[in-house]
Amino acid sequence: MIRVFSAMMIDSLRYLRSRFLFWIVLAMSAIAAAALFGTYSFTPTGMKILWFDPIENPMLAEDGVGREIFVSYIFNAYFLKFWLGWGAMILALISTASLIPDYISDGSVELTLSKPVRRPVLFLFKFISGLLFVLLQLSIGVGFAYIIIGIRFDQWMHGALLAIPLLTLQFVYLYAISALIAVLTRSTIASLLGTILIWFVISMVQFVSNTTLLQYEMQAATAQQNQAKIVELEAQIAEESRDPKPFERANLSSWTTTMEAAQKSADSIYPWVKTTARIELFVPKTGDLQKFISSKTKAPVTNEFAGLFMDFSSEEFRPANVDEETMRDANEAETIARKKVRKVGIVESITTSMLIVCLLLFLAIWRFTRRDY
Amino acid sequence: MESTIDIQGVEKIYRGKTHALRGVDLRIAPGEVFGLLGPNGAGKSTLVKILMTVIRPTKCAGTMLGQPIGSKSTLARVGYLPEHHKFPGYLKGAQVLDFFGAMSGVPRAQRKRKAAELLELVDMSAWANTRIGKYSKGMRQRVGLAQALMNNPQLVVLDEPTDGVDPVGRRDIRNILLRLKDEGRTVFLNSHLLSELEMVCDRVAIMVKGKVTRQGTIDELTEDTRRYIITLHQPSDLAESGRLVGQALSIEGVQTEDTTGSITIPLSDPAKIQGAIDRLRAGGQTIRSIQPSRASLEDLFMSAVAAEGDATPGASKPHKGGER
Ligand SMILES: Nc1ncnc2c1ncn2[C@@H]1O[C@H](COP(=O)(O)OP(=O)(O)O)[C@@H](O)[C@H]1O
Ligand SMILES: [Mg+2]
């Protein structure tokens with residue numbers, strides 16, 4: 001069995017090596033890493049991009065608080081999500097889409113079906129061998145970025161290495177779909193297009209569920225924020241055992257209004273949160289894996305990152321009728337909400353996703369073992 | 001001795017309702033070269049694929065190497081060359097042998113040695129490190145044959161092994177088959193080309209439209225087609241002479257052939273033929289030659305195909321991929 005396994009893996013490596021795309025993706029990973037982490041540096045007063053004049057920004061200075069945040073954001077949002085999670089993932093699907101259809105094509109499949117190896121084993125090994133592509137690409141790509149970041153900025157993001165197994169897992173979710181369509185249709189094009197289409201649908205489901213949850217969390221955070229302010233002020237007044245001053249009274253009533261409105265809004269969104277979460281239970285949750293990596297690499301959420309460059313509560317960004325405090329509160333509520341959304345029950349997410357993957361693989365194996373070739 | 005292959009009543013109805021096999025019985029003894037002969041679409045490949053577990057029979061009873069048909073572990077002792085096989089183009093000749101050897105369970109240490117030996121056998125050593133994608137059809141066939149021998153099989157099953165191979169290659173393959181036989185292996189060969197089988201096979205079966213119509217040694221099969229052909233020198237009234245010969249021997253079925261001036265007598269006993277000679281000579285004919293003869297495998301094949309006629313339309317409609 002080990003003999004068969006290693007033979008099939010080696011065969012697969014030879015297959016990949018013979019594919020032009022394999023090398024393209026590898027080169028692109030290297031270029032992406034070099035571009036994202038090699039083109040700028042931090043100076044004592046700010047940041048310097050290529051040969052352009054340095055940007056003065058104490059937060060991004062060598063010893064600024066925002067420096068690590070900056071790098072980790074670039075890593076997560078661009079390198080992981082954009083390139084590895086989408087770009088490289090699609091290229092990996094393209095490169096491996098033909099693996100199973102080629103294998104089960106006329107004249108080729110007979111050669112191994114006639115060997116003393118059971119069909120489910122043949123299929124599973126073939127499936128696993130299809131994962132080698134991403135595993136290699138991710139190991140090299142992520143490893144390269146990890147090292148560049150470590151050496152250039154002395155920032156060793158160990159959490160980033162999680163991307164290797166987790167994005168491979170994301171590929172497992174997608175490749176299971178590809179494998180099933182491949183066995184059913186024996187067509188590379190059908191399995192590739194079908195997989196991308198289903199991936200799109202899955203992403204939509206996750207996007208809707210995410211957005212709904214974010215809205216809910218934002219309202220909840222606003223409600224909580226105002227409640228906290230009310231509690232604090234009331235406590236202060238009680239401690240000083242006095243009546244609230246008129247402006248305090250006005251504040252209290254305004255906070256209460258905001259709190260109640262936010263709470264009401266949160267309550268009305270809540271059923272949708274439940275519904276979308278329930279729907280999400282039935283799809284492989286590709287996005288959760290990236291969220292998990294983001295939180296493990298302590299990546300900032302979008303507005304935290306933007307906060308490095310601008311102050312939202314400054315007059316520049318704030319509409320005329322909104323005061324500074326409201327603006328700051330809103331920004332804070334959003335940050336809290338975004339962080340909450342990013343917190344996923346990873347074990348549950350992977351378990352439910354893998355159940356679906358197992359079902360897909362089971363169907364594929366069932367078809368493969370019963371088919372006449 | 002126990003048969004290497006012993007199957008009874010094998011049937012296969014493909015989805016799409018092609019009744020490809022209609023109850024096939026075969027028995028192949030250890031150490032023999034057995035040829036399965038039949039026109040395209042007869043069901044030869046279907047039968048072989050059932051033996052190799054590539055397709056599932058609708059009905060099948062019997063054994064191969066003592067194990068029930070469909071048992072996977074038996075296949076470790078069988079070598080198989082499929083029809084129209086496609087090896088991955090990115091593999092080199094030696095890698096193909098190594099890969100399929102591993103799939104058959106041959107340990108790594110043996111594989112290297114065996115691969116070199118077999119490439120030598122099929123005269124492909126010079127191409128060991130060239131990608132299969134660059135091979136000609138005949139070269140692929142040679143490597144395919146080598147691949148089938150990687151696991152030192154007791155039984156070698158070859159589906160149209162000389163398909164696309166030039167005459168020199170055909171002769172080489174025939175020699176390899178004879179060598180396999182000398183080594184005591186059983187060979188089950190499958191072809192729509194007659195001449196090949198005649199030269200190497202100990203026994204043949206003729207399959208037409210999903211049924212084995214005849215089975216035996218070539219001698220056995222052609223036994224009752226023995227006859228004598230008497231050729232006359234400048235015969236006068238050949239047809240009449242033929243009739244007279246039939247009368248003299250009191251048999252039916254004497255045939256005459258005007259263009260060659262010959263009379264065919266369906267008898268195998270030389271003693272009886274003397275009467276025909278006497279009769280012809282008495283009639284003033286000059287005999288140029290007397291030849292004992294029997295039907296060739298080809299005649300037999302043709303008559304088997306003709307006998308089946310078009311009784312079962314559909315059984316031979318071509319399927320995707322087609323036959324070459
Ligand atoms: N996979 C298949 N699906 C449906 N019909 C098939 C399949 N393979 C073969 N057939 C049909 O079965 C019959 C026998 O084919 P085959 O065994 O390939 O014949 P042979 O090898 O003797 O030329 C043909 O009519 C062919 O069309
Ligand atoms: Mg055939």
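Readers should treat all values here as calculations from the given coordinates under stated rules, not as data from a laboratory. The shown structure was predicted, so the numbers you read here are calculated from the model rather than taken from an experiment. Quick reminder, even Gly has a Cβ in these numbers, built from the backbone with ideal geometry, and neighbours come from all protein chains shown.
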Any trypsin sites (Lys or Arg not before Pro) in region A:246-298 that lie in a DSSP loop and have at most 13 other Cβ atoms within 10 Å would be A:LYS298
Diffusion coefficient, µm² s⁻¹, Stokes-Einstein with Kirkwood Rh over alpha-carbon pairs of region B:158-228 at 37 °C and 0.692 mPa s: 244 µm²/s
Express the relative contact order of chain B as a whole percentage, based on alpha carbon pairs under 8 Å and six or more residues apart in sequence. 20 percent
Helix-only mean residue ellipticity at 222 nm, chain A, DSSP H runs n ≥ 4 weighted -39,500 (n - 2.57), per residue, nearest 500. What is it? -24500 deg cm²/dmol
Summarise the partner chain shielding of A:129-138 as one whole number: the mean count of Cβ atoms from other chains within 10 Å of each residue's Cβ. 0
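From the helices alone, meaning DSSP H stretches of at least four residues, give me the mean residue ellipticity at 222 nm for chain B, per-run term -39500 (n - 2.57), in deg cm²/dmol to the nearest 500.
Counting only the DSSP helices, I get -10500 deg cm²/dmol.
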Given a cut-off of under 8 Å on Cα pairs at least six residues apart, what relative contact order in percent is computed for region B:166-282? 18 percent
By count of other Cβ within 10 Å, fewest leading, how are A:SER353, A:SER268 ordered? A:SER268, A:SER353
Counting DSSP beta bridges in the protein assembly as shown, what percent are antiparallel, to the nearest 5? 70 percent
GluC sites (Glu not before Pro) restricted to region B:1-105 and DSSP loop, no more than 14 other C-beta within 10 Å: B:GLU2
Quick check: Cα centre of region B:210-273 to Cα centre of region B:46-96, how many Å? 44 Å
Check cross-link reach from A:LYS339 to the aspartates and glutamates: straight Cα distance under 16 Å, and skip same-chain residues fewer than eight apart. A:GLU217, A:ASP288, A:GLU304, A:ASP329
Quick one: Cα centre-to-centre distance for region B:161-183 and region A:193-244, in angstrom? 78 Å
Any idea what angle helix B:137-148 forms with the longest principal axis of chain B, computed on alpha-carbon atoms, 0 to 90 degrees, nearest 10? 70 degrees
Relative contact order computed over chain A (Cα-Cα under 8 Å; 6+ residues apart), in percent: 21 percent
Using alpha carbon positions and the Kirkwood radius, the Rg to Rh ratio of the protein assembly as shown is 1.24
Checking the table B:LYS59/B:LYS181; A:LYS285/A:LYS343; B:LYS17/B:LYS209 against a 25 Å threshold on Cα-Cα, which pairs fail? B:LYS59/B:LYS181
Please give me the summed charge of the neighbours of A:PRO54: other residues whose Cβ is under 13 Å from its Cβ, Lys and Arg +1, Asp and Glu -1. -2
